[in-house]
1. Taking the stated definitions as given, is Ile165 of a type in the set (Val, Ile, Thr), under 21 Å from Val5 (Cα atoms) and within 9 Å of the ligand (Cβ to nearest atom)?
2. Inspect all residues belonging to the stretch 175-182 and state whether any of them is near the ligand (Cβ under 10 Å from one of its atoms) and either assigned to a loop (DSSP other than H, G, I, E, B) or of a type outside the set (Gly, Ala, Ser) (or both).
3. Can you tell me which of (1) assigned to a helix (DSSP H, G or I); (2) free of Cβ contacts under 8 Å to residues at least 24 places away in the same chain is the one Tyr49 doesn't meet?
4. Among helices (runs of 4 or more DSSP H) lying entirely in the stretch 71-131, which contain 3 or more residues that are modelled with pLDDT of 95 or more and more than 23 Å from Asn43 (Cβ to Cβ)?
5. Among the residues of the stretch 74-108, count how many are more than 26 Å from Lys30 (Cβ to Cβ) and either in contact with a Pro (Cβ under 8 Å, 6 or more places away or on another chain) or among the aliphatic types (A, V, I, L, M) (or both).
6. Could you give me the residue pairs with C-beta distances under 7 Å whose first residue belongs to the stretch 250-267 and is over 21 Å from Pro142 (Cβ atoms), whose second residue is part of a loop (DSSP other than H, G, I, E, B) and within 9 Å of the ligand (Cβ to nearest atom) wherever it lies, and which are 6+ apart or on separate chains?
7. For residues in the stretch 201-213 being away from the ligand (no atom under 12 Å from the Cβ) and part of a loop (DSSP other than H, G, I, E, B), which is surrounded by the most Cβ atoms within 10 Å (Cβ to Cβ)?
8. Which of the residues belonging to the stretch 239-285 are surrounded by fewer than 19 Cβ atoms within 10 Å (Cβ to Cβ) and either of a type in the set (Phe, Trp, Tyr) or near the ligand (Cβ under 10 Å from one of its atoms) (or both)?
Amino acid sequence: MGVVVYGSEIAKKLKLEMTEYIQNLKESGKRLPKLVVVLVGENPASISYVKGKEKACTEIGMENEMVKLPETTTQEELLEVVKSLNEDRSVDGILVQLPLPKQIDEHKILHAIDPSKDVDGFHPYNLGKMMLQEETFISCTPKGIIRILEEIGMSDLSGKHAVVIGRSNIVGKPLVQLLINHNATVSVCHSRTQNIEQVASQADILIVSVGKARLINRNWVKDGAVVIDVGINRDEHNKLCGDVDFDDVIDKVSYITPVPKGVGPMTITMLLENTIHSYNLKENK
Ligand code: NAP
């Protein structure tokens, strides 16, 4: 029977450390780290993600602000907001919640964020630095996944075959790079991959970020594999579930992350960590 790795528990531990850190800053009368989240429009999923981020900041005592803009906001107006946040010395982290309304070019906005405040790690400058293994902001979900692997004693992935299913800019692609940086041998699968089940079943570490409820059953999983499930889906009964059929694979895996309480809580925690990192870089310059 596989061990269930609760990202929520790892996140709790990390958040306690961050709470203590911020409390110490407060007691010594220092400025506190601050995250600003920009929300454009009324997308229900985005509203819920932004609320989760606000709650996490408040929980650890981090300064935070939500800039709420109407659905009709123009690209120029949003660029102005980003510019003023870039210039605001009290702001350490800027996160523009995606997706953006169709009149706005997402790339233009992400490129406009000051890379030193890009706590989401989506700016091409930071992505390039990650590729070169230089100190930088690493995208929160891939960073959280690496932390989960470290937590189960898999810091050095030499000799391990990792298979990533999904090649999104926010999860799959940066994750592949991080896994290589940790010495894994990596295969990437996506919707055009042939014999995908066969590739997946060779993985020592199988990481799935597709967005299809319970796509992965036991036939895709090698005996003793570590399975990390990134997907967040609703099944036919409106129940939250991952991309992996948890009940079907649990007796085959060595470790598995559940949905919910797996990768999700780690993503938000890495955002807090990146904001504190940005703060430290500024304050200790
Ligand atoms: P995405 O942009 O939605 O892209 C999905 C990826 O899956 C694409 O690369 C696509 O291939 C591939 N794909 C689609 N159908 C496939 C199939 N049948 N077999 C193999 N590959 C297939 O991906 P994402 O943004 O990474 O999101 C994926 C899931 O993770 C969603 O459920 C999302 O909600 C969740 N998510 C969770 C977190 C978290 O913190 N837990 C963070 C981010 C995302 P092509 O490239 O060929 O189209």
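The values are calculated or read from the model by the stated rules, or taken from the named source; none is laboratory data. Note that the structure is predicted; figures quoted are calculated from it, not measured. Quick reminder, even Gly has a Cβ in these numbers, built from the backbone with ideal geometry, and neighbours come from all protein chains shown.
1. Values: of a type in the set (Val, Ile, Thr): yes; under 21 Å from Val5 (Cα atoms): yes; within 9 Å of the ligand (Cβ to nearest atom): yes.
Against the criterion (of a type in the set (Val, Ile, Thr), under 21 Å from Val5 (Cα atoms) and within 9 Å of the ligand (Cβ to nearest atom)), Ile165 qualifies.
2. Yes, the stretch 175-182 contains at least one residue that is near the ligand (Cβ under 10 Å from one of its atoms) and either assigned to a loop (DSSP other than H, G, I, E, B) or of a type outside the set (Gly, Ala, Ser) (or both).
3. (2)
4. Of the helices (runs of 4 or more DSSP H) lying wholly inside the stretch 71-131, those with at least 3 residues that are modelled with pLDDT of 95 or more and more than 23 Å from Asn43 (Cβ to Cβ) span 75-87, 124-131.
5. Quick first cut of the stretch 74-108, residues more than 26 Å from Lys30 (Cβ to Cβ) only: 74-83, 96-108.
When the remaining residues are screened for being either in contact with a Pro (Cβ under 8 Å, 6 or more places away or on another chain) or among the aliphatic types (A, V, I, L, M) (or both), the result is 78-79, 81-82, 96, 98, 100, 104, 106.
Of the residues in that region, 9 qualify.
6. That search, which allows pairs on different chains as well, returns nothing.
7. Restricting to residues being away from the ligand (no atom under 12 Å from the Cβ) and part of a loop (DSSP other than H, G, I, E, B), the top hit is Ala203.
8. Pro260
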